[in-house]
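Below is one structure; the comments refer to it alone.
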Amino acid sequence: MSNLNTYLEERGSFRINQKHPFNDIDAMVLARISYLPLDKIVLRNRETIKSVCLKLNKLKPKDFRWPDDVILTKNLLNSERFCRMRLVKYVKNNSRASERQFSAVTIQMNFSTMYLSFFGTDDSVTGWKEDFNLAIMDVIPAQEEGAEYLKKLHRHYFWKKIYMGGHSKGGNVAMYAALTAPDYCQRKMIKIYNFDGPGLRKGTAALDIGTEKVLKKIHSFIPQDSIIGRLFEHTEGFTVVESVSKSFYQHDIYSWQVSGTKLVKSESTRASDLVDKTITNWLESASMEEKKIFIDGMFKIFDEANVKGPLDLKARWLKYAPILAKAYMNMPKENRKVIIKVWKKLGVAFLKAKKGKDV
């Protein structure tokens, strides 16, 4: 089966031009660059994708977030299509105290065009808490940082046209930055890519500010069993693509299938539609105060249990179970009541969604 690494192996020798124009898979490759461990190498002023990959190839596999990223760096190193592009303005700004996890890098595709690549969510509690905050906050810190990053890059490279993209929360940040950008900046945008990232919560200012001309430039892609990419409002619409993985693991873009220069299209499954309806029903049934207490309470429990992240919790569930139970019992009684109430509402939302009913 072919994925974006196969694409690089087969078509990486073709430079971007009129015969081989920039496409959706190219955009996915550049979105993935922000996931590479750029914080573990020394970046100079004049770096290219090739020079950066030479440094990354000296790292150990454990330094990468995903095994396929190791293969990606090797493929990029030998790719005429990408290796000469310059990397500039890498930033990483995480804060546990302010529940912020933000990182981005800009790829100068050529003299007149650049691609802003926004990082998604790592496996830290801070990153996942910020994702959950999308349900209770009009704007999360990463979105604000993304909007400011876009403005700064546009001021610095005012003559360049702009592509933007990201995977997971990175796609959400790209959307938010585009929709809230000044008009003079929006006019420079070519396309904005959201790869299985959440939409925007109904009623948020960004959806009110965003104009039809910007929404037309946003291209969202989700796998057939998507969970994360189905969250919140996708006013711009989305394209369903085929993944060879199952359930939540379809979030891995290396599982997405490629044919030639296109992503293989599919249809959303009943499971994905059910998750979408369940979460929508739950968000509408629980009050904002209940959702806040629930999210803050659950992550306080994770913090007290010293859970490092979701994958850590899943892998060592038996170890954490008694610690989590103890942390829960130590919470104020009123907070425990709200958490149980919200869990019940989630269950009711699931049953109603299964029956095809609205709240």
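The values are calculated or read from the model by the stated rules, or taken from the named source; none is laboratory data. Please read these numbers as outputs of a predicted model, since none were measured by experiment. Please note: Cβ atoms are built from the backbone with ideal geometry, for glycine as well, and neighbour counts cover all protein chains shown.
Observations
- Scanning region 105-143 for residues that are under 26 Å from residue 29 (Cα atoms), at pLDDT 75 or above and surrounded by fewer than 18 Cβ atoms within 10 Å (Cβ to Cβ) yields a total of 3.
- If the condition is being within 14 Å of residue 256 (Cα to Cα) and hydrophobic (A, V, I, L, M, F, W, C), then region 228-246 contributes 240, 241, 244.
- Meets criteria (in contact (Cβ under 8 Å) with a residue 60 or more places away in the chain, in contact with a Ser or Thr (Cβ under 7 Å, 6 or more places away or on another chain) and not in a loop (DSSP other than H, G, I, E, B)) for residue 105: yes
- Region 1-49, subset among the charged types (D, E, K, R) and crowded, with 17+ Cβ neighbours inside 10 Å, residue farthest from residue 70 (Cα to Cα): 24
- For region 144-172, the set of residues classified as free of Cβ contacts under 8 Å to residues at least 40 places away in the same chain and either touching a helix residue (DSSP H, G or I) at 6+ places or on another chain (Cβ under 6 Å) or part of a loop (DSSP other than H, G, I, E, B) (or both) consists of 147, 150, 154, 158, listed by residue number.
- Residue 191 among the basic types (Lys, Arg), in the same structural domain as residue 128 (by TED's automatic domain parsing), at negative phi and part of a loop (DSSP other than H, G, I, E, B): no
Yes/no matrix, rows are residues, columns are (1) within 28 Å of residue 221 (Cα to Cα); (2) in contact (Cβ under 8 Å) with a residue 24 or more places away in the chain; (3) of a type in the set (Phe, Trp, Tyr):
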position: 258; (1), (2), (3): yes, yes, no
position: 261; (1), (2), (3): yes, yes, no
position: 268; (1), (2), (3): yes, yes, no
position: 277; (1), (2), (3): yes, yes, no
position: 281; (1), (2), (3): yes, yes, no
position: 284; (1), (2), (3): yes, yes, no
position: 300; (1), (2), (3): no, yes, no
position: 306; (1), (2), (3): no, no, no
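- Considering region 293-308, and only residues there that are over 8 Å from residue 327 (Cβ atoms) and charged (D, E, K, R), the residue that is surrounded by the most Cβ atoms within 10 Å (Cβ to Cβ) turns out to be 296.
- Test result for residue 102, in the same structural domain as residue 143 (by TED's automatic domain parsing), of a type in the set (Phe, Trp, Tyr), surrounded by 23 or more Cβ atoms within 10 Å (Cβ to Cβ) and closer than 30 Å to residue 136 by Cβ: yes
- Set side by side, the residues 8, 30, 72, 76 differ, and just one is touching a residue at least 40 places away in the same chain (Cβ under 8 Å), in contact with a strand residue (DSSP E or B) (Cβ under 6 Å, 6 or more places away or on another chain) and assigned by TED's automatic domain parsing to the domain that holds residue 172, which is 30.
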